Structures are given as structure tokens and as C-alpha cells.
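K.L.:
Let me begin by handing over the structure; questions about it come next.
Please treat every number below as a calculation from the coordinates, not as lab data. None of these values were measured; they are calculated from a predicted model. Note: ideal-geometry Cβ built from the backbone for every residue, glycine included; neighbour counts use all protein chains shown.
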Amino acid sequence: MNNLRHENVPLDLFEIRRGVPVLNENEIHVWFSELDADEHKLNYLQTLLSQEEIAKAQFFLEKKLQNNYVHARGVLKELLSAYCKIPKGKVDIRISDSGKPFLNNHKLYFNLTHSGNRFGIAVSKTSEVGLDIERVRSLHDFDQMISLNFTPAEQKYIDKKSAGFENRFFEMWTLKESYLKLTGEGMRRNPDTLEFCVINTSARLISVDGIQNTKTLNFVFIQSGAGYKATLAVNGNSSVVVSKIN
């Protein structure tokens with residue numbers, strides 16, 4: 001079982017280098033922030049990005065989406081720089097053959113997620129992590145999404161005919177996404193090949209491709225703010241510390 005605690009003191013964007021806490025071997029740090037950076041913050045964060053990352057930001061047609069990319073990516077690089085104690089310009093993020101981002105030449109595992117007006121970052125010194133956040137919202141194709149992505153047992157848990165099913169839908173969705181981000185499989189695996197079971201506030205992976213799961217995987221539901229669901233997938237047991245960046 002993972003120990004979960006929320007820190008009360010937020011970390012200021014411009015104080016990350018001095019304020020980031022020590023990351024112990026048995027800990028996972030999870031940071032959440034709003035995608036609301038002003039021009040001053042965006043200009044600073046853009047200086048942390050490579051030319052390739054700036055070009056990727058400009059790939060988005062909407063200015064808000066460009067700003068969101070710069071904000072989240074810049075904060076990620078700021079955090080990685082602080083944790084690894086390396087110059088900001090030396091944060092070298094690569095993509096593995098499986099499509100999972102990793103930090104070149106440094107043993108620090110991380111994962112970035114965003115939805116709506118919020119993003120989250122998880123970091124660990126010992127093992128891969130998968131983090132997913134989703135804004136709870138109405139979808140016009142709920143029926144199709146449920147039938148295509150969830151097993152019969154999961155569909156029964158979501159129970160579209162009962163009140164509050166949207167919360168259960170996105171709770172189950174973040175479970176699957178956190179696993180796919182942990183493994184790096186992403187869109188190469190159909191979500192319905194995974195089966196989860198949720199009992200009260202805990203969840204476990206029952207099977208993959210119909211084969212019973214025997215791996216020591218833990219899934220932690222995290223309070224990331226009103227109107228959002230978030231799940232962290234981890235290998236083994238770790239203390240999870242959740243904090244905020246202003």
C-alpha cells in the first residue's frame with residue numbers, strides 16, 4: 001500500500017531551484033499547477049525550451065494551446081533541472097523506442113500529464129511512473145467510449161444509468177491511462193485489453209490481455225482539484241507526496 005500525503009505549502013515557479021524538496025529513494029513527488037501563466041512567466045519558461053520544443057509549440061494552431069505547451073514543458077524542465085542539480089540548458093529529454101520520454105544521462109523517472117486548465121508532473125528516483133489527469137466533463141459519445149474502452153465488469157462499475165457516472169468513467173479512464181503511460185505503450189494498446197477493479201478508494205489491475213496480472217503495481221487516486229480525476233501508477237510501494245506550483 002502506498003502512503004499518500006498532500007503538502008500545504010505551494011512552490012513558487014521562480015523559486016523551484018531553491019525550494020524543491022529532497023527526493024528520497026522511496027518517494028514519488030507529484031506536482032500540480034494551473035495552466036494560467038501570464039506573459040512574464042511564459043517568456044521565462046520559453047527560455048528553458050530547445051529550438052525543437054519551441055517549434056513543436058508553434059505546431060498548435062491556437063495560441064492558448066501553444067502557451068499551455070510552453071508552460072507545462074517549461075515547468076517540467078525547471079523541475080528536472082532542480083532535482084538533478086544540473087543547469088537548465090542541460091536538461092536533455094529524449095524519447096525511447098516505445099515512445100516514452102526519458103532524461104538522458106540522469107537516473108530520474110518522470111511523467112507529464114495535462115487536461116483542461118491543469119497539468120501534473122510525477123518524478124521518481126527508483127522506477128518508472130505513470131500519471132494521468134482528466135477534467136470531468138460531458139462527452140457526446142459516452143456510449144461509444146464506454147463500449148470500446150471498458151470490459152463488461154468495468155462497464156457495470158461505471159453504470160451510465162446512475163447518477164455521477166461521469167466521475168466513475170474518468171476515474172476508470174485515468175487508471176488505464178496511468179498504466180499505459182507507465183509502460184510507454186500509449187495508443188499501441190487498446191484500453192479494453194486491461195481490466196481494473198475499484199473498491200471504495202482503492203484500485204487494482206486484474207488482467208492484461210485476459211491474463212491475470214502478477215506484477216506488483218499500485219494505483220493511487222490523487223486529489224488534484226475540484227472537477228478533476230487523477231491517478232498515479234507505480235511499481236511497488238512508495239510514499240507519494242503531492243504538492244502545488246504557483
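K.L.:
Can you divide the C-alpha Rg of region 3-244 by 2.2 N^0.38 Å and report the result to two decimal places? It would help to have the intermediate numbers written out before the result.
P.N.:
On the way: Rg = 18.0 Å, N = 242, 2.2 N^0.38 = 17.7 Å.
Against the compact-globule rule of thumb, the ratio is 1.02.
K.L.:
Would you mind checking which residues have amide H under 5 Å from LYS244's amide H? H placed 1.01 Å from N; only 5 or more apart, or other chain.
P.N.:
Result for LYS244 returns LEU11, PHE32.
K.L.:
In terms of modelled amide H atoms, which long-range or inter-chain residues lie less than 5 Å from the amide H of ALA203?
P.N.:
For ALA203, the qualifying residues are PHE219.
K.L.:
Does region 127-246 classify as rounded, prolate or oblate by the C-alpha gyration tensor (a ≥ b ≥ c root eigenvalues; a/c under 1.5 gives rounded; else a/b over b/c gives prolate, otherwise oblate)?
P.N.:
Because a/c hits 1.5 or more and a/b fails to exceed b/c, region 127-246 counts as oblate.
K.L.:
Then there is this: Can you spot the aspartates and glutamates whose alpha carbon is less than 15 Å from LYS85's alpha carbon? Ignore those fewer than 8 places along the same chain.
P.N.:
Partners found: GLU15.
K.L.:
R0 = 35 Å: FRET efficiency of ASN213 with LYS56, Cβ-based, nearest 0.05? Don't skip to the answer; put the middle values down first.
P.N.:
Working: r = 35 Å, r/R0 = 1.00.
After rounding, the FRET efficiency stands at 0.50.
K.L.:
Further question on the same structure: From the phi of every residue in region 129-143, what ³J(HN,Hα) in whole Hz does the Karplus formula 6.51 cos²θ - 1.76 cosθ + 1.60 yield, where θ is phi - 60° and glycine or proline is x?
P.N.:
10, x, 10, 9, 10, 9, 7, 6, 8, 8, 10, 6, 10, 3, 4
K.L.:
Arranged from highest to lowest average of other beta-carbon atoms within 10 Å per residue, in what order do the peptides 176-184, 234-242 appear?
P.N.:
In descending order of packing, they fall as 176-184, 234-242.
K.L.:
So what is Rg over Rh here for region 89-178, counting just Cα atoms and using Kirkwood for Rh?
P.N.:
When Rh is taken as the Kirkwood radius, the ratio is 1.09.
K.L.:
Also, quick follow-up: Going Cα to Cα from LYS64, which lysines come in below 26 Å? Please leave out same-chain ones fewer than 8 positions away.
P.N.:
LYS41, LYS56, LYS77, LYS88, LYS100, LYS181, LYS229, LYS244
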